Amino acid sequence: MDILSTIGILLALLAIVGGNILEGGHAGSLVQLTAFVIVAGGTLGAVMVQTPLRIFTRAMKISIWVFVPLRLRPEEVAGKIVNWSNIARREGLLGLEAIAEEEPDPFARKGLQLLVDGSEPEVIRSILEVEIDSKEHRDVQAAKVFDGMGGYSPTIGIIGAVMGLIHVMNNLADPSKLGSGIATAFVATIYGVGFANLLFLPMANKLKSQIHSQTRFREMIVEGVISIAEGENPRNIETRLQGYYQ
């Protein structure tokens, strides 16, 4: 659980609602269903138009990383790689076959299988780096979905504000209807700017940070696997891998 994400959202909401109360307003004045429907629905619809289905689906899937990031454990995996190198020195690369079958991480399992198959170090590097680049590109594109939401949301908020003002102008002769129109206008603007700067853009940046960490983690695995393929000393491999997490 990423406690900073949770605290950050709660702190932002508390600051806005608290500031409104300190100015003499009340929390209920910031709750406007019509404004929410306009901003949330309009933003979601706009970003769906610009995004391929598989990228949009991936974005929704990885959004949980903002609050529950993947546990990469680079120190633990580095220790496993050193153990693999010791086994390879004692039993040869074929000694890693049973370990490859039991390895839970698909990326590390692929690297081990390439070792067992006797692939050349440069071939192993080329295959694994293509997979790294492909995964990183796909996930970065998914994170940019929230960048798009952050770009559209304020504009949709302005559309909601204009719609509210149109409603006000159409009912100038009936003062009883002016209040709801004005409320929709201003609250829609708050929702648009608030969603963008307190939720969507921070989510996009947090996801990009997570993706970068995953890429570095996979690069560490590639470095370890290549070092084993080249027959390096396990102590040298351990020292090299430490640079990825210390």
Unmet requirement for N83, which otherwise passes all of (1) touching a helix residue (DSSP H, G or I) at 6+ places or on another chain (Cβ under 7 Å); (2) modelled with pLDDT under 95; (3) of a type in the set (S, T, N, Q): (1)
Odd one out for L33, checked against (1) out of contact with any Phe, Trp or Tyr (no Cβ under 8 Å at 6 or more places or on another chain); (2) within 21 Å of G150 (Cβ to Cβ): (2)
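The rows are residues; the columns are (1) assigned to a helix (DSSP H, G or I); (2) under 30 Å from F186 (Cβ atoms).
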| residue | (1), (2) |
| --- | --- |
| V39 | yes, yes |
| T57 | yes, no |
| R71 | no, no |
| G79 | yes, no |
| A88 | yes, no |
| E129 | yes, no |
Tabulated pairs, region 67-85, first loosely packed, with under 12 Cβ neighbours inside 10 Å, second in a loop (DSSP other than H, G, I, E, B) and aliphatic (A, V, I, L, M), C-beta under 9 angstrom, 6+ apart or interchain: V68/M1
Filter result (without any contact (Cβ under 8 Å) to a residue 24 or more places away in the chain and under 14 Å from Y191 (Cα atoms)) within region 1-12: none
Which listed residue is at pLDDT 90 or above, over 30 Å from G231 (Cα atoms), touching a Leu at 6+ places or on another chain (Cβ under 9 Å) and of a type in the set (F, W, Y), from F217, F146: F146
Among (1) closer than 15 Å to V222 by Cα; (2) under 32 Å from the mean Cα position of the chain (by Cα), the one test that S85 misses: (2)
Test: residue in region 103-112 that is more than 22 Å from S63 (Cβ to Cβ) and touching a Ser or Thr at 6+ places or on another chain (Cβ under 9 Å): no
Residue that is surrounded by the most Cβ atoms within 10 Å (Cβ to Cβ), among those in region 5-57 that are within 27 Å of D139 (Cα to Cα), hydroxyl-bearing (S, T, Y) and out of contact with any Pro (no Cβ under 9 Å at 6 or more places or on another chain): T43
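The values are calculated or read from the model by the stated rules, or taken from the named source; none is laboratory data. Bear in mind the structure is a predicted one, so any value in this text is a computation, not a measurement. Please note: Cβ atoms are built from the backbone with ideal geometry, for glycine as well, and neighbour counts cover all protein chains shown.
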